[in-house]
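The next block holds one structure in the form of C-alpha cells; read it before the comments.
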Amino acid sequence: MTTQIQVLDRNQLPDHFNDETHLEDFMSLPTPELVADMEKLEGDVIILGVGGKLGVTMARQLKRAAPNKRVIGVSRFSEEGVQQRLNDWGIETIVCDLLDRDAVDALPKCPNVIYMAGLKFDFVGQESFLWAMNTVAPGIVAEAFKDSKIVAFSTIHVYPWTNPLHGGVSETTPPLARPGEYANSVVGRERTFQYYSQKHDTPGCLLRFVYAIDMRYGVMQEIASWVLNKQAIDVSMGQVNIMWQGDANAQFIRALLHCEVPATPINIGGPETVSIRSLAVRFGEIYGIEPIFEGEESDHCLLVNCDKAAEKFGNPTITVNKMIDWVAQWVKSGKPTYGKPSKFHVRSGKF
C-alpha cells in the first residue's frame, strides 16, 4: 500500500502562523525535491544530536518525506517533551551521550548518518567540554559509523571576513582558525571527520550553514523585536546570509546523496546578501516605527557564496519578503520565542 505524502505547495503559502503547532506543521512539510531524493536514497537514517531546535523539525520532515524509512533520533534529550514528540511522529529515539564510546558503538548502524551534535554558545567555564563535543565526539562517531555516509554540521564561522561587494566566501577557501574558541573547535570538527573519511573511505559532506529563519529565533526575529521595542540596532555587521529553516532542513537531508571521499564542505544558505539596515527599515514600515541605528556598516563581514548548493539543490522555496511578513506578524502578536540570540552582530568571535 502506497502512503500518500503531503508536500509543500509553493502556490499555497500561509499568510501567517496561528501558533507553534501551525508553524511546525508547515516547516516540516517536505519539498517535492526532497521526496524524490529520498526515493533514491538507500537505507534508513540516524540523526545524532536530534534534540536541538533544528533537529526536531528536520527529523519530522525526513519522516514525512520517507514514511517507509526507519528514522532514528539520538540525543541526551535534556529538554522535557522532545523525545515524546518525536515518538508521536513515528521517529524512534535513543538516549545516548556521544562522548560515551561504548554507547555510540551500540547504536544501530544505519547506512545514512546526519551529525548535528555540538556546542556553540554559553560555553564559558566549560571550554574543555566545548572541545570534547566538537572534536572528540566526531572522532568516536566517525569510527563507529565508518561504513555509513556521514553528513556533518559545520558553520560559516570557520571562514575569514570578506568584503560584501566581493560575492561571499566559497568552499575553496580553507577553514580558518579565527578569534574565539568556538570557531577553532569547529575547524577541528571538520578536520576530524575528514581524517576518518580518508582513513576508512567514508563518504561525507560538511554543511557550512548560515543563519536559520524561524519565527521564534534568528536574525529576522531579533531585528523585528528591536524595531518594535525601539531598541538601537547595530549595523556594523551590515550584511548576512539567511535561509528559511524548512528549506535548510530539506537541503541538509538531501546532502546524503552528495557525500564524497574525503568529506567535502558545502555552504548552505539563500542566494541573496541581505542588508541588516534594509530589514530594519522594512519592519519599521510594517510597524509604523522609525528604526534606531547605531554604528556604520563595516567593509568586512561574515558572508558566504552558496552557488554550489544552488546548483545541487536549486533555490529556496521561501523568499526573503515572505519571511519578513511572517516574522513581522509573529513578533507583533507576541507569540513565543526561544530567547536564544543568534549573535549575528558579534565580531569578536566570542559567543
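3J(HN,Hα) along the stretch 246-260: x, 5, 4, 4, 4, 5, 4, 5, 5, 4, 4, 8, 10, 7, 9 Hz, from the Karplus curve 6.51 cos²θ - 1.76 cosθ + 1.60 with θ = phi - 60°, whole Hz, x for Gly and Pro. Each peptide in 83-94, 130-141 was scored by the mean count of other Cβ atoms within 10 Å over its residues; highest first, the order is 130-141, 83-94.
Considering the chain as a Gaussian network with a 10 Å cut-off on Cα pairs, which listed residue, Gln194, Gln126, Gln221, attains the greatest mean-square fluctuation? It is Gln126. Counting only Cα atoms, the chain measures 56, 49, 38 Å along its principal axes, largest extent leading. Packing-based ranking of 70-78, 332-340, 291-299 yields 70-78, 291-299, 332-340, ordered from highest to lowest mean Cβ neighbour count within 10 Å. Going by a ≥ b ≥ c, the root eigenvalues of the Cα gyration tensor, does the stretch 1-69 fall in the rounded group (a/c under 1.5), the prolate group (a/b larger than b/c) or the oblate group? It is oblate, given that a/c is not under 1.5 and a/b is not larger than b/c. Test of understanding: in a Gaussian network model of the chain with alpha carbons linked when under 10 Å, which of Glu290, Glu171, Glu272 would top the mean-square fluctuation ranking? Comparing Glu290, Glu171, Glu272 in the GNM, the peak value goes to Glu290. For Lys335, a cut-off of 29 angstrom between C-alpha atoms picks up these lysines, skipping any fewer than 8 places away in its own chain: Lys53, Lys63, Lys120, Lys230, Lys322, Lys343.
Highest mobility in the GNM of the chain, judged by mean-square fluctuation with C-alpha springs under 10 Å and restricted to Ala117, Ala144, Ala232, is found for Ala232.
Pull up the DSSP beta bridges for the chain and report the antiparallel fraction as a percent, rounded to 5. Bridges in the chain are about 15 percent antiparallel. Taking the C-alpha atoms only, the angle from helix 276-287 to the longest principal axis of the chain is near 70 degrees. Tell me the relative contact order for the chain as a rounded percent, counting alpha carbon contacts under 8 Å between residues six or more apart. Relative contact order here is 19 percent. Values of log10 I(q)/I(0) for the stretch 225-321 across q = 0.22, 0.23 Å⁻¹ run -1.09, -1.14, by the Debye formula with one identical scatterer at each alpha carbon and no solvent.
Read-outs throughout are calculated quantities, based only on the coordinates presented, and are distinct from any laboratory measurement. These numbers were taken from a predicted model, which means no experiment stands behind them. With ideal geometry, Cβ positions are generated from the backbone for all residues, glycine too; neighbour counts draw on all protein chains shown.
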